[in-house]
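Take a look at the structure set out below.
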Amino acid sequence: DTEVTQTPKHLVMGMTNKKSLKCEQHMGHRAMYWYKQKAKKPPELMFVYSYEKLSINESVPSRFSPECPNSSLLNLHLHALQPEDSALYLCASSLHVFEYEQYFGPGTRLTVT
Amino acid sequence: GQQLNQSPQSMFIQEGEDVSMNCTSSSIFNTWLWYKQDPGEGPVLLIALYKAGELTSNGRLTAQFGITRKDSFLNISASIPSDVGIYFCAGRSSGSARQLTFGSGTQLTVLP
């Protein structure tokens with residue numbers, strides 16, 4: 001099983017709202033990632049977790065706050081977003097950080113109004 | 001930083017035709033991954049390559065890790081309508097910056 005699940009599938013939020021994106025994998029992977037993807041562009045790395053610790057933050061604004069409660073779960077907390085933050089947010093995982101195959105979830109389509 | 005050039009940017013082909021796309025990098029990679037992405041969905045891993053010269057097949061798909069370790073290609077044989085989508089290559093180097101570098105994608109359209 002190479003499944004990464006993400007909820008919700010779609011999210012519409014105002015600029016003053018607080019919301020969270022969730023990601024889960026049960027493949028025993030110890031590395032998890034958040035990516036942002038604009039239409040017809042490749043995914044852009046945002047955060048990397050290795051063994052539940054934040055390993056990389058690609059200079060992401062603080063209105064995005066990641067959290068890794070355990071080895072299977074990854075959250076992305078959103079607060080005071082801007083319309084330009086509207087995008088497809090993808091979660092991915094791999095056995096170890098930056099090694100082997102990286103599997104993506106189906107994504108959350110976020111619209112900020 | 002690392003750069004990946006993926007070509008072609010888009011392709012329009014007839015059903016049944018073969019397709020070829022490739023990626024070249026400015027630096028040596030030790031891993032090449034090929035993904036397919038349907039609209040509104042996440043990328044799906046098609047093929048992973050780990051050794052220079054490696055040739056790997058997955059059904060009608062064949063990918064190769066270039067001997068120079070700076071390029072990779074993906075071939076699709078006998079295309080069908082469900083092959084439509086965006087294909088991304090992604091490479092990983094052995095240096096300090098080991099996150100995946102993605103190509104810009106190839107948009108494939110299969111005409112009936």
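The values are calculated or read from the model by the stated rules, or taken from the named source; none is laboratory data. Here the structure is a predicted model, which is why all the values come from computation and not from measurement. All Cβ positions, glycine included, derive from the backbone under ideal geometry; neighbour counts span all protein chains shown. SASA here: full protein model, heavy atoms, side chains in, ligands and nucleic acids out. Shrake-Rupley method; radii C 1.70, N 1.55, O 1.52, S 1.80 Å.
Couple of notes before you dig in:
- Per residue, the solvent-accessible area of region A:1-85 (1.4 Å probe, heavy atoms of protein chains only, all protein chains present) comes to 54 Å².
- Note on chain A: Cα Rg divided by 2.2 N^0.38 Å, N the number of residues, gives 0.99.
- With 50 Å² as the minimum drop in accessible area between chain alone and full protein complex (1.4 Å probe), the qualifying residues in region A:28-47 are A:Lys40, A:Pro42.
- Distance in nm between pseudo-label sites at A:Glu101 and A:Ser62 (7 Å out along the Cβ direction from Cα): 4.0
- By the Kirkwood approach, averaging reciprocal distances over each pair of separate Cα atoms, region A:45-85 gets a hydrodynamic radius of 11.0 Å.
- Chain B, accessible area per residue, ligands and nucleic acids excluded (1.4 Å, Å²): 46
- When B and A come together, around 1600 square angstrom of accessible surface is lost from both chains combined, probe 1.4 Å.
- For region A:39-113, chymotrypsin sites (Phe, Trp or Tyr not before Pro) meeting the loop criterion (DSSP other than H, G, I, E, B) and having at most 16 other Cβ atoms within 10 Å: A:Tyr51.
- Reach of A:Lys53 by Cα under 18 Å, taken over lysines that are not fewer than 8 positions away in the same chain: A:Lys22
- Distant-in-sequence amide H partners of A:Ala87 (H built 1.01 Å from N, under 5 Å): A:Leu110
- For region A:20-113, with all protein chains in place and a probe radius of 1.4 Å, 50% of the accessible heavy-atom surface sits on carbon or sulfur.
- Of A:Lys19/B:Lys36; A:Lys9/B:Lys36; A:Lys36/B:Lys36; A:Lys18/A:Lys41; A:Lys9/B:Lys70; A:Lys18/B:Lys36, pairs whose Cα-Cα distance is over 25 Å: A:Lys19/B:Lys36; A:Lys18/A:Lys41; A:Lys9/B:Lys70; A:Lys18/B:Lys36
- Shielding of B:102-109 by partner chains, average beta-carbon count, 10 Å: 2
- Legend: residues B:Val110, B:Val84, sorted from most to least accessible area (1.4 Å probe; ligands, DNA and RNA excluded), read B:Val84, B:Val110.
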